[in-house]
Amino acid sequence: MPSNDGPKLGVIALTLQGTRVARQIATAMHGGLYLPARFAAPDESSFGKGQFTVTCQQLFQEMDCVICVMATGIVVRTIAPLIKDKTVDPAVLVVDERAHHVISLLSGHVGGANAWATQLATLLDSDPVITTATDTEHVQALDTLAQQVDGWYPDFKFNTKKYNSLLAAGEPVEIWIDPAFNTYFPDLSGFRKLTTLADASADVPLVIVSDKVNFEKRAASVQVIPRVNALGIGCRKNVTFDMIQTVFTQFCIEHQLAWQSIYALGSIEKKQHEGAIHYLADTLNVPVTFYTAAALKPASQHYPQSTFVAKKVGVGNVACAAAETLTGQRTITDRFALDEITIAMSRKSL
């Protein structure tokens, strides 16, 4: 269930009966409640006469999920000017004022509206209305599958449409999952799972799930790259952009690693002014976190120590300790050192 630390959810209603249902939903789903001023209690967020459109559109822009307790037509006309793309639009659900139906209106897969609708319908003892083809055919969708590992794949719109259309039509689609990620996919309905890549059929579309790049290129295939890896970085003072780019490239080559699998960087607080680390984070479009020596010390004890490094920064291992502190998991690579830069990688649990 969503919480205060989870997705941002807003529930909005228009009528007295809708207000009653909206209150029930907001309580059950831990969402914000937005009601007409004439129906709202003193401690509830409200909007005045003529302010519904502005309020609803603001929720659309700020929330991860908007639940509208009202007629579908009102919602469609209100959000229509703001709809951009499935990759950025929030989930939008519509619930009738008697809570008989919960409609997944917008962003069913990427925004999670289908999952929200199913969850809410269970809470309200309502019928979920989901019209996405893969859902109505009870097969897994490529974009939904990728979400389970925060996965990236190229040409998102093209490949999503292509593979989901095949799956919805009952056409054969094969999938091979790197053993490291097998447990994350309990539902592979519609896919033909392969034990090894060598079993792949030349004439059947193929999905590969892996954070590696050592695969033979295939015409009818798409690789889903789980974004689950975090890098810890240590370096001497004033390393250059070129140096850190070269070291990162060599690290990826050594581990046959897809750079898209990196979701975060970490280092020690004393390196927060190193432009090269920020450059790498910007290049990969990922956040970087700088930890105090005290924060890194517990994790650093799990790895070989350097007396010299400890004297300089207060902890005897930066790269491995930062990687573990980012994910809470031990590193899965040895410490990689080149040009006075060190890198280590850990993988978060999903």
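The values are calculated or read from the model by the stated rules, or taken from the named source; none is laboratory data. This is a predicted model, so every value here is computed, not measured. Cβ coordinates were reconstructed from backbone atoms using ideal geometry, including for glycine residues, and neighbour counts include every protein chain displayed. Accessible surface is based on the protein model in full, side chains and every heavy atom, while ligands, DNA and RNA are left aside. Shrake-Rupley method; radii C 1.70, N 1.55, O 1.52, S 1.80 Å.
TRP152 contributes an accessible area of around 90 Å² to the protein surface, as traced by a 1.4 Å probe with all chains present.
Helical runs (DSSP H, four residues minimum) scored at -39500 (n - 2.57) apiece and divided by the length of the chain put the mean residue ellipticity at 222 nm at -9500 deg cm²/dmol.
For the chain, the relative contact order comes to 10 percent (Cα pairs under 8 Å, sequence separation of at least 6). Taking the Cα centre of segment 1-142 as reference, the dipole from Cβ charges on Lys and Arg (+1) and Asp and Glu (-1) amounts to some 440 debye.
Averaging the sequence gap over all C-alpha pairs within less than 8 Å and six or more residues apart, then dividing by the number of residues, gives segment 292-350 a relative contact order of 28 percent. Amide hydrogen proximity for TRP152: with H placed 1.01 Å from N in the peptide plane, the residues at 5 or more positions away or on another chain lying under 5 Å are ILE225, ARG227. Solvent-accessible area per residue in segment 2-83 equals 50 Å², computed with a 1.4 angstrom probe and all protein chains kept.
Scalar couplings 3J(HN,Hα) for segment 70-82, obtained by applying the Karplus form with A = 6.51, B = -1.76, C = 1.60 to θ = phi - 60°, are 4, 6, 4, x, 4, 5, 4, 5, 6, 8, 3, x, 9 Hz; x denotes Gly and Pro. Modelled label positions at ASP242 and TYR184, each set 7 Å beyond Cα in the direction of Cβ, lie 3.6 nm from each other.
Per-residue 3J(HN,Hα) values for segment 195-206, derived from phi via the Karplus relation 6.51 cos²θ - 1.76 cosθ + 1.60 with θ = phi - 60°, read 7, 9, 5, 5, 7, 5, 7, 5, 9, 10, x, 10 Hz in sequence order (x marks Gly and Pro). Any lysines with Cα under 18 Å of the LYS237 Cα? List them, leaving off those in the same chain fewer than 8 positions away. Leaving aside lysines fewer than 8 places away in the same chain, those within reach of LYS237 are LYS270, LYS271, LYS311, LYS312.
Counting every pair of alpha carbons in the chain, the share spaced more than 40 Å apart comes to 30 percent. Mean separation of Cα pairs under 8 Å and 6 or more residues apart, divided by the residue count, gives segment 133-221 a relative contact order of 29 percent. For the chain, the carbon plus sulfur part of the accessible surface works out to 51%, probe radius 1.4 Å. Computed from Cα positions, the angle between helix 113-124 and the longest principal axis of the chain comes to roughly 50 degrees.
Accessible surface area normalised per residue over segment 119-258 is 49 Å², counting heavy atoms of protein chains with a 1.4 Å rolling probe.
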